[in-house]
1. Points 7 angstrom from Cα along the Cβ direction at GLU13 and PHE141: gap in nanometres?
2. Using alpha-carbon pairs under 8 Å, 6+ residues apart, how would you state the relative contact order of region 104-145 in percent?
3. What do you get for the angle between helix 104-120 and the principal long axis of the chain? Use alpha-carbon atoms, 0 to 90 degrees, nearest ten.
4. Rounded to two decimals, what is Rg over Rh for the chain when you use alpha-carbon atoms and the Kirkwood radius?
5. Around THR10, with a cut-off of 15 angstrom between Cβ atoms, what is the net charge of the other residues, counting Lys and Arg +1 and Asp and Glu -1?
6. Below 8 Å, C-alpha to C-alpha, sequence gap of six or more: please give me the relative contact order for region 59-117 in percent.
7. Mind putting a number on the dipole of the chain about its Cα centre? Charges go on the C-beta only, +1 for Lys and Arg and -1 for Asp and Glu, and I need it in Debye to the nearest 20.
8. What is the distance, in nm, between label points placed 7 Å from the Cα along the Cα-to-Cβ direction at GLU189 and at ARG125?
Amino acid sequence: MTKYWISSETSVEINDAPDVNAVHFNVDDKNIMVSAGQTIYEALQRMPGIGEIPALCYNPAIRPYGACRLCTVEVSEDRGKSFRFVASCLYPAKEGQIVKTNTEKIRKLRKGIIELLLARCPDVRVIQELAKEYGVEKPRFSLGGHDCILCGLCVRACQEIIGKSAISLVNRGIYKEVAAPFYAYELGEECIGCGDCSYVCPTGAIIMGSNGKPVLPRVKIPYAEVGAMTSKEKLSTSQK
Ligand code: SF4
Ligand code: FES
């Protein structure tokens, strides 16, 4: 008989018999039992108090995408002989796994990610709070004053929940951003003004405008300007 936690407050003692509908694994030295078919993050979301995993790009209504990597945990599938990093919002909870959610290595990795996020979005409250929690005082560099962490939740909410594609992530590297079709300043008819993109945004980068349509995130270079620039001009702007 082994004791398994089935919620943060309830445990059961059961024989270690295989059960296709349940997954038994260990999180931070606690045996837990969850229903099969969940990711590690999903499973632990239902067990408050077990595991310590921050997440910025997870939303239960939207398929996980693994953009922020803050939810990284260490996982062993060989009884603790070796561990590797996985994004818990994407990785399935498996029978016999050992999961560590807050080791020194993980905190170091998350600290690095948070420093990058803070360098990009110094005024965003949720990032400031994470920085405080992980001891990131001041980033060693600046990546501009953005509000958007490019997690793509807004774009996927529009596609997956509403069935529209009124906004998308465009460009690459430092020019990546959320934009309306053809870099329009205002969203047109393709946007029904549901506000879902604004609702799911973890940083508050999308607000609803007085015309009932979302106002897309503040960017360093206005969309129209970027659209009209040649690659060479974009490069010289980025170096200023
Ligand atoms: S606007 Fe918000 S939801 Fe959209 S990519 Fe940026 S941070 Fe994510
Ligand atoms: S919440 Fe898992 S990668 Fe962002």
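Coordinate-derived values only; no laboratory data. The structure presented is a predicted model; accordingly, all values stated were derived computationally and were not measured. Ideal geometry is used to build each Cβ from the backbone, glycine not excepted, and the neighbour counts take in all protein chains shown.
1. 5.6 nm
2. So the answer I get is 46 percent.
3. 10 degrees
4. Dividing the radius of gyration by the Kirkwood radius yields 1.05.
5. Net of charged neighbours comes to +1.
6. Worked out over region 59-117, it gives 36 percent.
7. It works out to roughly 940 debye.
8. Each label point is offset 7 Å from its Cα along the Cβ direction, giving 3.8 nm.
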